[in-house]
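Encoded as structure tokens, the structure appears first; notes follow it.
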Amino acid sequence: MLHPNRTGAAGLSTAAVHAGEARQKPGFSITDPIFAASTYTFPNTQAIVDFIEEKHPREEYGRYGNPNERTVEDKLAALDGGEEATLFASGMGALVGLLMAHLNAGDEIIFFDECYHRSREFCRKHLTRFGVGFREVTTCDYAAMEQAITPRTKFLVSESPTNPHLSVVDIERFADIGRRHGVLTLIDATLCTPYNLKPLEAGVDFVLHSATKYLGGHNDLLAGAVIGSRELLEPVRHLRGIMGGINSPHNAYLLERGLKTLALRMERHNANGLAVARFLEGHPRVERVLYPGLESHPFHEIANRTMRGCGGLVTFFIKDADWRQTAAVVDAVTIPRIGPSLGGVESLIEQPMVMSYWNYSPAERETFRITDNMVRMACGIEDADDLIADLAQALG
Ligand SMILES: *Cc1c(COP(=O)(O)O)cnc(C)c1O
């Protein structure tokens with residue numbers, strides 16, 4: 001709103017560099033200055049009245065907005081082809097803010113069951129405390145999702161691809177279910193990014209990103225965003241101003257800087273993911289590889305038809321290995337660091353059974369299809385040959 005000269009460029013790289021930014025900036029600077037302000041001043045009382053009567057859009061107080069986050073929001077909206085974006089301090093902040101703004105006691109929400117476990121935990125443990133019903137159905141079982149809809153259902157939620165199984169949702173089919181039943185649809189598109197897929201074009205109502213991952217891209221910030229129509233995001237923005245989950249101007253600038261190279265980075269993440277997956281699939285110590293870009297993946301056809309690439313996340317299983325033998329492989333790599341998260345320039349590797357499911361019972365792990373010999377590697381933007389050589393020595 002404060003930066004009206006959004007570029008009309010269709011290309012994603014051009015939009016990533018320029019969209020949302022003013023052509024001329026304060027101090028004739030090519031980059032956006034960081035507005036390190038908690039409040040914004042008015043020259044006189046009439047200016048306050050004009051602002052309240054919406055004659056001049058501008059900032060008022062830092063909890064409601066700041067120029068840096070608005071620039072990033074306009075860039076994100078342009079990248080995903082949405083009318084507007086609302087930025088939050090984290091991906092979970094964005095999910096909680098969106099659902100709290102749109103759900104009322106008595107409403108129901110339905111998830112595909114491979115969605116991020118904290119997203120489902122928020123609904124199962126917390127939204128239910130406020131009288132919102134929560135249901136899960138098997139990921140990509142569209143008939144089950146449709147059958148679970150009742151007159152009280154308000155939201156359908158999925159991710160695509162999912163993590164760590166990398167199931168790929170038929171977004172058009174998912175959006176169509178929502179449209180036919182008058183239910184809002186949300187895709188958490190953290191793993192695909194607008195470079196690989198634009199769910200809004202397929203007809204979903206909201207796209208959510210943990211911008212902590214590929215959008216920021218450098219493992220140095222936390223942020224989240226929801227993109228959709230102005231009308232549906234208006235209550236979300238308003239509630240954010242009350243709940244207080246806004247990004248600081250410094251953090252928003254860091255995200256703006258990261259976004260400039262989104263297309264370049266995604267090209268490399270896609271290429272590295274595929275190269276590493278192909279290498280692992282041919283390795284005698286690897287039982288199975290999950291990567292939608294491989295012909296062997298159950299969702300290869302839909303991924304191939306709808307996505308530009310499949311990203312940097314690769315899940316694989318060590319043949320005949322218990323959790324300690326699997327950990328030995330993880331511990332033997334020298335380039336990827338061991339840790340959670342994905343989407344940054346630095347590769348990361350982890351064993352989901354240890355990193356995210358240690359406190360779960362074997363039976364619970366089985367329902368989540370998390371096995372002791374499962375490894376998740378988030379390929380960064382290093383040279384594929386180096387990543388492959390490193391994995392080869394770790395497996396050997
Ligand atoms: C990381 C992640 C989130 C949560 O985002 P934060 O920025 O960590 O709050 C939500 N969904 C997916 C798919 C994620 O990978």
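Values in this text are rule-based calculations from the coordinates and carry no lab data. Not measured: the values here are computed from a predicted model. We place every Cβ from the backbone using ideal geometry, glycine too, and count neighbours over all the protein chains shown.
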Take the alpha carbon gyration tensor of segment 341-396, find the square roots of its eigenvalues, order them as a ≥ b ≥ c, and report rounded if a/c is under 1.5; if not, report prolate when a/b exceeds b/c, else oblate.
-> prolate
Cα extents of segment 170-317 along the principal axes, largest first, in whole Å, come to 55, 42, 24
Quote the relative contact order of the chain in percent (integer), defining contacts as alpha-carbon pairs under 8 Å separated by 6+ residues.
-> 16
Hey, what did segment 263-395 get for relative contact order, percent, Cα under 8 Å, at least 6 apart?
-> 29
Mind jotting down the distance between the C-alpha centroids of segment 257-335 and segment 347-379, whole Å?
-> 15
Computed over segment 203-320: relative contact order in percent, which uses C-alpha pairs under 8 Å that are six or more apart = 21
Relative frequency of Cα-Cα separations exceeding 18 Å in segment 263-395, percent | 52
Just subtract the alpha-carbon distance of ARG288 and SER361 from 0.36 nm times their residue separation and send over the number in nm, one decimal.
-> 23.9 nm
Scalar couplings 3J(HN,Hα) for segment 169-179 by Karplus 6.51 cos²θ - 1.76 cosθ + 1.60 (θ = phi - 60°), nearest whole Hz, x for Gly and Pro, are 7, 7, 5, 5, 5, 4, 5, 5, 4, x, 5
Sorted by chain and number, the residues with a modelled amide H under 5 Å from that of ASP188, at a separation of 5 or more or across chains, are SER158, GLU159, SER160, LEU208
Using the Karplus equation 6.51 cos²θ - 1.76 cosθ + 1.60 (θ = phi - 60°), what ³J(HN,Hα) coupling, rounded to whole Hz, does each residue of segment 19-27 give in order, writing x for Gly and Pro?
-> 4, x, 9, 5, 6, 10, 10, x, x
DSSP beta bridge pairing in segment 12-259, given as percent antiparallel to the nearest 5 = 35
Report the full-extension gain for the segment GLN147 to ALA389: residue separation times 0.36 nm, less the Cα-Cα distance, to one decimal in nm.
-> 82.3 nm
Okay, helix-only estimate at 222 nm for the chain: each DSSP H run of n ≥ 4 adds -39500 (n - 2.57), divide by all residues, round to 500 deg cm²/dmol; what do you get?
-> -11000 deg cm²/dmol
Alpha-carbon Debye profile of the chain, log10 I(q)/I(0) at 0.06, 0.08, 0.14 Å⁻¹ | -0.24, -0.43, -1.24
Cα-based Rg and Dmax for segment 53-141, where Dmax is the largest Cα-Cα distance (Å) = 16.4, 50
Environment charge at ALA101 (Cβ cut-off 10 Å; Lys +1, Arg +1, Asp -1, Glu -1) = +1
Would you mind working out the magnitude of the charge dipole of the chain relative to its Cα centre, with +1 at each Lys and Arg C-beta and -1 at each Asp and Glu C-beta, to the nearest 20 Debye?
-> 460
Karplus-derived 3J(HN,Hα) from phi for segment 146-161 (6.51 cos²θ - 1.76 cosθ + 1.60, θ = phi - 60°), whole Hz, x at Gly and Pro, runs 5, 5, 7, 5, 10, x, 8, 5, 10, 9, 10, 10, 8, 10, 6, x
Residues listed by number, segment 184-198, amide nitrogen under 18 Å from ARG308 label point at 7 Å toward C-beta | 189-198
Fraction of beta bridges assigned by DSSP in segment 263-395 that are antiparallel (%, nearest 5) | 85
Debye-sum result for segment 114-199 in log10 I(q)/I(0), which assumes one identical scatterer on each alpha carbon, at q = 0.23 Å⁻¹ = -1.25
Could you list which residues have their amide H under 5 Å from that of VAL286, counting only those 5 or more apart in sequence or on another chain, with H placed in the peptide plane?
-> LYS319
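Quick check: residue separation of ASP320 and HIS238 times 0.36 nm, minus the Cα distance between them. What number comes out in nm?
Full-extension gain reported as 24.2 nm.
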GNM result for the chain, Cα springs below 10 Å: residue of ARG180, ARG152, ARG376 fluctuating most strongly = ARG180
Taking placed amide H atoms and a strict 5 Å upper bound, the residues 5 or more places from HIS218 or on another chain that come that close are VAL345
